[in-house]
Structures are given as C-alpha cells and as structure tokens.
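The values are calculated or read from the model by the stated rules, or taken from the named source; none is laboratory data. Only a predicted model underlies this, so the values are computations on that prediction, with no experimental measurement involved. Cβ coordinates were reconstructed from backbone atoms using ideal geometry, including for glycine residues, and neighbour counts include every protein chain displayed.
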C-alpha cells in the first residue's frame with residue numbers, strides 16, 4: 001500500500017480533481033477529472049467528493065494521505081475558509097476543508113492559486129533548490145506566490161503577493177480595479193484591453209490593424225488572438241506585447257529590489273509568448289533594478305509548464321501531509 005495525494009483546483013468556470021503518488025523528490029500524476037463549476041458551493045462539494053471517490057476507486061490498494069485545495073482568493077487558509085471570491089458568487093465564508101477532512105478522514109489544506117503554484121514550482125519545478133523564489137501567475141490575472149527563507153509567506157491575513165494591484169503607470173489598462181496596474185498591463189484581460197485600445201486608435205485614424213479589420217471584431221479580441229497576430233507579424237499586436245513586456249520589466253524590478261529573490265518564475269502567458277515578452281522585459285529590468293540584486297536573480301518560465309495548476313493543488317496536499325492540522 002502506498003500513500004496518495006489528492007488535489008482540488010476550484011475555479012469560477014471549472015474545477016479539477018487530481019490524484020498523485022509521491023516518488024522520492026517528485027510526484028507522478030495518476031489521474032485527473034474536470035467538470036464545470038456548479039452554481040452553488042453545496043453542488044460543487046458534492047461533485048468534488050464524487051470525483052475524488054471515483055479516482056480513488058481506481059487505486060483500491062492505496063491510501064489517501066492528504067488533500068490540497070487551490071482556489072482564488074480572498075480566503076483564510078488557516079481556517080480553511082473561502083471568503084467571497086469575485087469569480088465564485090455566494091461563496092461567503094465557506095468552509096471547504098472541514099467537509100473534505102470529515103468525509104475522507106485525511107488532513108486537508110487550502111491555499112490561493114498563486115501560493116499553490118509557488119509551492120509546486122519550489123518542490124518540483126523551476127524553483128527546486130532555492131530558498132527565495134517568486135511565482136507570478138500572469139494568466140487571467142497577475143498575482144504572486146512567495147517562498148521566502150525556505151517557506152511559504154502568505155502575510156498577516158493571506159494577502160501577501162497581491163502584486164497585480166501595484167500601479168506601474170499613472171494611467172493605462174485597468175486591472176484589479178486600478179488603471180495602470182501591474183495586472184492591467186500583464187494579464188490576459190490586460191493584454192486584450194490594451195489591444196482594443198490601440199485597435200480603436202487605428203480605426204479612428206483610418207488604418208485598422210490586420211487582426212481587427214472592423215469595429216465589430218473589437219469585442220472578440222483576446223490575449224490569445226493578439227498573441228497569434230503578433231506571431232504573424234501584425235505591427236499593432238507586436239506593439240501590445242512590447243508595452244506589456246516593458247511593464248513586466250518594471251514590475252519585476254520592484255520585486256527584485258524589495259525581496260532580493262534567487263528566482264522569479266512566471267507562468268501561463270509568459271511561457272506561451274516568451275519570445276515577445278522577454279526581450280523588452282529584461283531590457284527594462286536591467287535599467288530599473290539594483291545591479292547587485294539582479295545579478296543573483298534568474299527570470300524563468302514555469303518549469304511545470306501548462307500542468308503547473310495540477311501540481312499546485314498536490315503541493316498543498318504535500319504540505320498538509322507534512323504538517324496536518326491539529
């Protein structure tokens with residue numbers, strides 16, 4: 001009999017349940033199931049339980065050692081409560097951990113998605129062997145998970161790492177409720193918003209960009225379509241990524257100067273569009289950051305790639321197994 005870890009990733013549109021088996025200093029993902037997030041917490045919990053039971057039934061010879069839950073904030077990780085995230089309406093001070101611990105008789109823990117990804121990259125990805133790393137989500141939003149002096153740092157009330165709220169410019173794309181914010185420039189929504197703004201300017205000037213030939217196409221612009229256009233050489237799309245890359249460099253410089261990390265690991269869009277984002281980001285970073293701090297810091301994409309979300313919830317489970325709640 002071997003010990004299995006279970007991970008649950010709760011999102012506003014979909015949830016995932018994964019099962020993993022630790023093997024030395026790595027972990028093997030054995031199975032995964034996904035489903036659309038139901039309308040209520042009770043329905044979501046019911047489907048999570050049913051999904052995990054189905055996965056465990058495929059491994060009757062093994063025991064469940066711990067469960068990790070990754071969810072967007074705000075939340076109270078110590079109490080296991082989800083505190084009204086904007087993408088989960090009705091989830092007001094919801095106890096996610098208690099019901100899972102009771103049903104499966106296994107320790108469970110909760111973390112926000114950025115912290116969970118930081119743990120995963122630290123344990124099994126690009127942050128292995130480091131004591132000070134920062135993980136930047138750079139996906140739907142921009143958030144950070146912090147591993148400082150060899151442990152996860154979540155702050156006084158789980159709000160450490162909300163770097164998306166940092167204002168990088170007096171004005172600019174809106175993200176995290178703030179114009180010109182780190183998230184406004186460096187997120188999927190931010191890139192799409194910036195592209196729409198530039199496209200509207202081109203349309204007003206009478207020279208629409210190739211990827212947005214009519215006003216009717218403006219609402220359909222996404223970070224993915226902008227990335228595709230840029231890869232095909234569209235000048236406006238390339239300008240979007242130049243601006244986003246420069247903003248990324250400014251945000252990285254703030255983090256390098258304040259936290260002096262060994263490594264900053266960037267997920268999602270950075271990995272997909274590295275060739276577009278990295279050159280302007282590094283040029284700006286070198287101009288802005290303290291040379292001594294930058295000299296000991298590497299900027300790298302997520303080592304776990306597109307699977308970092310699966311490993312993230314398992315990393316929380318690993319922490320719960322090592323330090324179960326009393």
Do you know which residues across region 92-120 are crowded, with 20+ Cβ neighbours inside 10 Å and part of a loop (DSSP other than H, G, I, E, B)?
96, 106, 107
Residue 90: over 26 Å from residue 185 (Cβ atoms) and modelled with pLDDT under 95, yes or no?
yes
Give me a count of the residues in region 39-63 that are surrounded by fewer than 22 Cβ atoms within 10 Å (Cβ to Cβ), touching a residue at least 40 places away in the same chain (Cβ under 8 Å) and within 16 Å of residue 17 (Cα to Cα).
6
In region 1-13, how many are over 17 Å from residue 116 (Cα atoms), within 22 Å of the chain's Cα centre (by Cα) and modelled with pLDDT of 95 or more?
0
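The rows are residues; the columns are (1) within 15 Å of the chain's Cα centre (by Cα); (2) on the phi > 0 side of the Ramachandran plot.
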| site | (1), (2) |
| --- | --- |
| 132 | no, no |
| 138 | yes, yes |
| 145 | yes, no |
| 148 | no, no |
| 155 | no, yes |
| 160 | yes, no |
| 163 | yes, no |
| 176 | yes, yes |
What tally of residues in region 144-156 results from selecting those that are in a loop (DSSP other than H, G, I, E, B) and free of Cβ contacts under 8 Å to residues at least 40 places away in the same chain?
4
Counting only residues that are under 19 Å from residue 175 (Cα atoms) and touching a strand residue (DSSP E or B) at 6+ places or on another chain (Cβ under 7 Å), region 224-267 contains a total of 4
Checking residue 134 against (1) surrounded by fewer than 24 Cβ atoms within 10 Å (Cβ to Cβ); (2) in a strand (DSSP E or B); (3) assigned by TED's automatic domain parsing to the domain that holds residue 257, which single condition isn't satisfied?
(1)
Answer yes if at least one residue in region 295-306 is crowded, with 16+ Cβ neighbours inside 10 Å, in a helix (DSSP H, G or I) and at pLDDT 95 or above, and no otherwise.
no
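Conditions (1) outside the structural domain of residue 141 (by TED's automatic domain parsing); (2) surrounded by fewer than 15 Cβ atoms within 10 Å (Cβ to Cβ); (3) part of a helix (DSSP H, G or I), marked per residue:
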{"position": "238", "(1), (2), (3)": "no, no, yes"}
{"position": "246", "(1), (2), (3)": "no, no, yes"}
{"position": "252", "(1), (2), (3)": "no, no, yes"}
{"position": "261", "(1), (2), (3)": "no, no, no"}
{"position": "264", "(1), (2), (3)": "no, no, no"}
{"position": "287", "(1), (2), (3)": "no, yes, yes"}
If you check residue 228 against the conditions, is it out of contact with any helix residue (DSSP H, G or I) (no Cβ under 6 Å at 6 or more places or on another chain) and either crowded, with 20+ Cβ neighbours inside 10 Å or more than 19 Å from residue 137 (Cα to Cα) (or both)?
yes
Does residue 172 satisfy being part of a loop (DSSP other than H, G, I, E, B) and farther than 30 Å from residue 82 by Cβ?
yes
Within region 194-211, does at least one residue satisfy the condition of being surrounded by 14 or more Cβ atoms within 10 Å (Cβ to Cβ), in contact with a helix residue (DSSP H, G or I) (Cβ under 6 Å, 6 or more places away or on another chain), under 18 Å from residue 114 (Cβ atoms) and modelled with pLDDT of 80 or more?
no
With respect to residue 106, is the statement that it is touching a residue at least 40 places away in the same chain (Cβ under 8 Å) and under 19 Å from residue 302 (Cβ atoms) true?
no
